[in-house]
Amino acid sequence: QVQLVESGGGLVQPGGSLRLSCAASGRIFKINAMGWYRQAPGKQRELVATSTNGGSTNYADSAKGRFTISRDNAKNTVFLQMNSLKPEDTAVYYCYFRMVVDRYSTLSDYWGQGTQVTVSS
């Protein structure tokens, strides 16, 4: 009943930029936070960036100064602008929404399907 659809991944050269998008649709009562994780081959999923309803943002050290998270609340969409990309940024990127889908539900995390980002020359 809730769908998260990601877009914007692809192949980019080192130093290049990509912008990821993730739109949530379906039954949504209240969104608490949105964010991005990534998982590289053979590694655990790790936090990239988060944005809360209170306006605070949090970035992994590897993302600070290069990545920017933003959101369009009216469209239930979160973005990740990635600049100065490095080969070590290569991973599958997953968006998540922490939200309540109706007044009887508890706060839960919902995940996108993942989008591949490959940084290579």
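By the rule of a C-alpha distance below 24 Å, with chain neighbours fewer than 8 residues away ignored, the lysines paired with residue 43 are 64, 86. Of all the options 45, 103, 71, the one that moves most in a Gaussian network model of the chain with Cα springs shorter than 10 angstrom is 103. On the principal axes of its alpha-carbon atoms, the range 50-111 has extents of 44, 22, 20 Å, going from largest to smallest. Residues in the range 97-102 carry Karplus couplings, in order, of 10, 9, 7, 10, 8, 7 Hz; the curve used is 6.51 cos²θ - 1.76 cosθ + 1.60 with θ = phi - 60°, and Gly or Pro positions show x. Rounded to 0.05, the FRET efficiency of the residue 103 and residue 11 pair, given R0 = 30 Å and the Cβ-Cβ distance, is 0.10. The GNM of the chain, with springs linking C-alpha atoms under 10 angstrom apart, assigns the highest mean-square fluctuation among 79, 29, 67 to 29. With a Förster radius of 35 Å applied to the beta-carbon distance between residue 32 and residue 83, the computed FRET efficiency rounds to 0.80.
Of all the C-alpha pairs in the chain, what % are more than 16 Å from each other? Please report the intermediate quantities before stating the final value.
Values: 4226 of 7260 pairs.
Counting every Cα pair in the chain, those more than 16 Å apart make up 58 percent.
Within the accessible area of the chain, the carbon and sulfur atoms contribute 46%, probe 1.4 Å, all protein chains present. Normalised by 2.2 N^0.38 Å, where N is the number of residues, the alpha-carbon radius of gyration of the range 30-74 equals 1.25. Solvent exposure of the chain, expressed per residue, is 54 Å² of accessible area, with all protein chains present and a 1.4 angstrom probe. For the range 1-45, the spread of Cα positions along the three principal axes, ordered from largest to smallest, is 40, 23, 17 Å.
The values are calculated or read from the model by the stated rules, or taken from the named source; none is laboratory data. Bear in mind that the values here come from a model prediction, so they are computed numbers and not experimental data. Because the Cβ atoms are built from the backbone with ideal geometry, glycine has one as well, and the counts that use them run over all protein chains shown. SASA here: full protein model, heavy atoms, side chains in, ligands and nucleic acids out. Shrake-Rupley method; radii C 1.70, N 1.55, O 1.52, S 1.80 Å.
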